1. Please give the solvent-accessible surface of F172 in Å², to the nearest 10, using a probe radius of 1.4 Å with every protein chain present.
2. Taking a cut-off of 25 Å, what percent of all Cα-Cα pairs in the range 176-279 are separated by more than that?
3. Could you sort D5, D58 by accessible area so the largest value comes first, with the probe set to 1.4 Å?
4. Once the other residues with Cβ under 10 Å from the Cβ of I161 are scored (Lys, Arg +1; Asp, Glu -1), what is the net sum?
5. Under a crude label model (7 Å from the Cα following the beta-carbon direction), how far is A16 from C57 in nanometres?
6. Can you give me the long-range amide H partners of A170? Hydrogens built in the peptide plane at 1.01 Å from N, cutoff under 5 Å, separation of 5 or more residues or another chain.
7. Quote the accessible area belonging to R29 in square angstrom, nearest 10, computed with a 1.4 Å probe and with ligands, DNA and RNA left uncounted.
8. Determine how large the accessible area of Y202 is when every protein chain is in place; take a 1.4 Å probe and give Å² rounded to the nearest 10.
Amino acid sequence: MVPPDPVDARLLAVLAESGRAAVHEIAQRLGMDPREAAMRLITLSGSGLPLLVGVECDPNGVRRALANAAAYGNYMGGPPSGPYAVNQSGPHPVQQQYGPQGPVSQPFPAQQPPPQATWGPPQSAGWVRADQPQPKPVVSRTGKIGTALEADSLEGARLSIQLIEVVDPADFLFTAAGYKLAEGERAVVVHTEVTNTSQVPYTSLPDMYLVLVTKTGETVTKAPVSLSSRPAHKLGVQPGETAGGHSVFVLPDTTEVIQVRWSVRPEVDLNTLVWTVED
């Protein structure tokens, strides 16, 4: 059997300590994406190692969720007539049939309501029409250390993320936790706080895609370690909750860090937040 790589070895070491643990708990202890941890464990299980990767649930709760989803789907009305194929994200496409609908009860098109009143003199800031879309407020995606920036998660949760502190270098914190740096390396610790200001739970690891940006434009991902004196982020942030955590980075000693960047996905998008790190 081929020996596991260092990440697999750490996974197996954490699992061997307890003998039984949930995948997200193991991933949290190592600062990993739970999906990556699950895939690695499944691969290791298939390679012949004596471990079993399973899943548990509340059968009655799952049945109720399925029943509620089915009832909601049946209640929703469909488009006009004829068959209509609905593409879903699962592997099995669903074909829905919609019956013909009756004629419209109104013989004449309904009259449009008159536009609402305008306020203030024309061409002034007070000239507002309710039937025209209003511009959305501009949300800042950049800031400095100490600034709180806002973003939306993939689930629709509204997040306020504050960069509290950047400890550079943080070699003393790294070595105090029992880790060793190679020759020419240094450690950096980033402290962030995430507040869920919406009613939608945030279910991901808050610093999953938190990276350092160097002067040459390269990115440095976090190291899969946690410090006892600087606790790591826990999985998820509930509505109204504020959660803090520390992310550890190991990089060459001569590398200059100019930015801290946070994203909801691996690539940069409209929700990406950037903090400038000044000397």
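1. Roughly 130 Å² of F172 is accessible to a 1.4 Å probe.
2. Of all Cα-Cα distances in the range 176-279, 23 percent exceed 25 Å.
3. My answer, sorted largest first, is D58, D5.
4. -3
5. Reported label-point gap for A16 and C57 is 3.4 nm.
6. Close amide H contacts, sequence-distant or interchain: A187, V188, V189.
7. It works out to around 120 Å².
8. Approximately 10 Å² of Y202 is accessible to the 1.4 Å probe.
The values are calculated or read from the model by the stated rules, or taken from the named source; none is laboratory data. Quantities reported herein were computed from a predicted structural model and do not represent experimental measurements. Because the Cβ atoms are built from the backbone with ideal geometry, glycine has one as well, and the counts that use them run over all protein chains shown. All accessible areas refer to the heavy atoms of the entire protein, side chains included, with ligands and DNA or RNA removed. Shrake-Rupley method; radii C 1.70, N 1.55, O 1.52, S 1.80 Å.
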